[in-house]
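Structure first, then comments.
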């Protein structure tokens, strides 16, 4: 497959705007969008199933064993000339190394991945998904996920998909099928999610808007995406990334927001909400990390915020396929495959503050940059001492020469 990508450039576009609809983040005056025009949207629309998912996987890093895949050489080069926070590289690499052993809900039933999991539950393989339908399914899944646990979002998506299969003969959720579901019926199908009545209204409106304004396709720009009812910055950046391979901004939810503040990767006093945190992160976070920091931190956040057992293959039932079974495993971490380093960390995953404090303390003790800084400081002290000795020697020499002059005369 030949990918036709234009040269990556980033340009400033119009200010983000608020909406009269559903709980949108109030964006401060002066907050600007960054538009990623490095992908050829029209070319993406022509891709078949295999080529499309290969392209999106490569662009988003959503590939098998993603956390074991080495980062590019420029992964820790900050942008805009800003410095990385203390111990950032050490902590980030440690988190990344251990993330593959954590089976978090976001990995299989998160808003951006739930459509594939649900389809497979209903006998539709990933290879059978139509890319255009998948993009719509991803948008709907992300809209449903707001203020809702991932497992609950999965149930709602399961109900909608099953309804479409039984009533319209489609291969899952499609725009044509969604346009035939009236709002009360949709509300009933998604009643398990938070704010289900509002979401039913906004999803119904969105499907109509897609036909009227976007040629029956989901929007391809941040501006277009945020024009949809109930869709704010977080949903916008995540949807554009997972469907079009665009990296217009970092997706910051409550987990990312909280952890970035505790790690002091952003200033907690300046960042009053996730959107503030996003803006601060985008000032310095290296671009290669934009595509994965959300999945990385959300996985840990879910394990800490909602302790649960690791889901086994036989835990789900046909009637309720997304209810985890009960087990004595700890925090979705499998002791059979986890490293000693990870198992050592588990007891500290009782709450955010305890876990972050443990990681920061560990970094202060073992971060190689600490030794480098110590050596630099010692060398600097040696240089200062040498400079002082030279000045002292010069002063003694001058004083001695003056004394000799007096003795001569």
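Remarks
- FRET efficiency, 1/(1 + (r/R0)^6) with R0 30 Å, evaluated for residue 125 and residue 215 via beta carbons: 0.60
- Spin-label model distance (nm) - residue 370 vs residue 69, 7 Å beyond Cα toward Cβ: 3.3 nm
- Here the gap between residue 41 and residue 132, fully extended at 0.36 nm per residue and compared with their Cα-Cα distance, gives a gain of 31.5 nm.
- Residues 358, 90 arranged by fewest to most Cβ contacts within 10 Å: 358, 90
- Where labels lie 7 Å past Cα in the beta-carbon direction, separation of residue 351 and residue 176 in nm: 5.4 nm
- Distance from the range 100-121 to the range 247-270 (C-alpha centre basis), Å: 23 Å
- From least to most packed, judged by other beta carbons within 10 angstrom and beginning with the fewest, 369, 292, 42, 341 follow the order 42, 341, 369, 292.
- Taking 244, 67 and counting other C-beta atoms within 10 Å, the order from fewest to most: 67, 244
- Once the C-beta distance of residue 358 and residue 80 is scaled by a Förster radius of 35 Å, the resulting FRET efficiency is 0.70 to the nearest 0.05.
Read-outs: derived from the displayed coordinates by stated rules, not from any lab. Treat the numbers as computed from the prediction; the structure is a model and nothing was measured. Because the Cβ atoms are built from the backbone with ideal geometry, glycine has one as well, and the counts that use them run over all protein chains shown.
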